[in-house]
Amino acid sequence: MTIPIEEGIRYRVGQIKTTGATAFSNEQISKTLRIKSGEIADGRALRNNLYENGLKKAYDDKGFIQYDVDYYHELVEPTPDQSDGVVNISINFNEGSAFKVSKIQFVGVDKQTSQSLRRFISIKDNQIFNKDEFVKGIEAINATNNFAPLDADKDVEIATDDEDALVKITIKVRKF
């Protein structure tokens, strides 16, 4: 059996332009995105690093919970003396504000238990909201096996005050 495959044009990263970024330098952005001019372009990896793991996580960890980004690319076909095309990338960052924690409260438990649970969350009131640290705190509470497992989507409510860039976190705890 023979299956014909037509590969098409291979593209290398050309210019990388960024606008709107203030929380990270262009060098930090390129390093986090893991792209450099001249390397073979990988659109899937770029999208993943913009929206999932790389920069999204980095912005989340600095309190930019409303981070959004748009990117555009321009394909330049190879000339007859070139084997690869070039893709120029423009990235526009909409960072929003860095949010601080106004309050973290536990509901479904008494005051003493609430204070005990609070020690698992390393983020304190008036500190920048770091999503990764918060998730680690939820995981630590779950590891105690003293309560029904907390589900970050169902049991945690994060209310934002956009005007003052504050988050109020309510964690619903259920005993077994």
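Taking segment 101-117, which residues are surrounded by 17 or more Cβ atoms within 10 Å (Cβ to Cβ) and either under 30 Å from Phe24 (Cα atoms) or charged (D, E, K, R) (or both)?
Val101, Ser102, Ile104
Is it true that some residue in segment 132-148 is in contact (Cβ under 8 Å) with a residue 40 or more places away in the chain and surrounded by fewer than 18 Cβ atoms within 10 Å (Cβ to Cβ)?
Checked segment 132-148: at least one residue is in contact (Cβ under 8 Å) with a residue 40 or more places away in the chain and surrounded by fewer than 18 Cβ atoms within 10 Å (Cβ to Cβ).
Looking at segment 46-86, which of the residues that are open to solvent by 30 Å² or more (accessible area, probe 1.4 Å) and in contact with a Leu (Cβ under 8 Å, 6 or more places away or on another chain) is nearest to Tyr11 (Cα to Cα)?
Step by step, filter segment 46-86, then rank; the result is Val86.
The values are calculated or read from the model by the stated rules, or taken from the named source; none is laboratory data. Just so it is clear, the model here is predicted, and its values are computed rather than measured. A quick note on method: Cβ atoms are made from the backbone with ideal geometry, for glycine too, and the neighbour counts reach across all protein chains shown. Ligands, DNA and RNA are stripped out before the accessible areas are found, and what is left, the full protein with its side chains, is counted by its heavy atoms. Shrake-Rupley method; radii C 1.70, N 1.55, O 1.52, S 1.80 Å.
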